[in-house]
Amino acid sequence: MMANQLESLVQSIKSKVRALKKKKKPYVKMDKSSSVKVEIRSRKARKLIDKTLKVADQPGKLHWTVAIMVGSTFAGVA
């Protein structure tokens with residue numbers, strides 16, 4: 001009898017601990033401002049330009065992906 005009560009107590013404590021672990025406090029996700037979005041786009045464009053120039057500076061190698069990337073990048077930005 002005493003073992004059953006102890007076992008049920010342990011089970012209830014375990015379930016309460018599991019429930020507490022699963023509960024997470026929600027947070028408010030903030031939207032990016034337009035200036036932050038512009039900054040992110042500028043960084044991505046700068047990285048792509050740097051990568052393109054690095055590949056273009058390698059003489060003797062033909063890189064079709066560079067031509068495609070350059071064409072699509074400037075077409076998208078303009």
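How much length is gained on full extension from Lys44 to Asp31, taking 0.36 nm per residue of separation minus their Cα-Cα distance? Intermediate values should be presented prior to the final figure.
Details: separation 13, 0.36 × 13 = 4.68 nm, distance 1.91 nm.
Taking 0.36 nm per residue and subtracting the Cα distance, the gain is 2.8 nm.
Straight Cα distances below 25 angstrom link Lys51 to the lysines Lys37, Lys61, with same-chain residues fewer than 8 positions distant left out. Excluding same-chain neighbours fewer than eight residues apart, the lysines reachable from Lys24 by a Cα-Cα span under 22 Å are Lys14, Lys16. Counting 0.36 nm for each residue step from Met2 to Leu20 and taking away their Cα separation leaves a gain of 3.8 nm.
Any read-out appearing in this document is the output of simple, stated calculations on the displayed coordinates, not a laboratory observation. As the structure is a computational prediction, the values presented were derived from the model and not from experiment.
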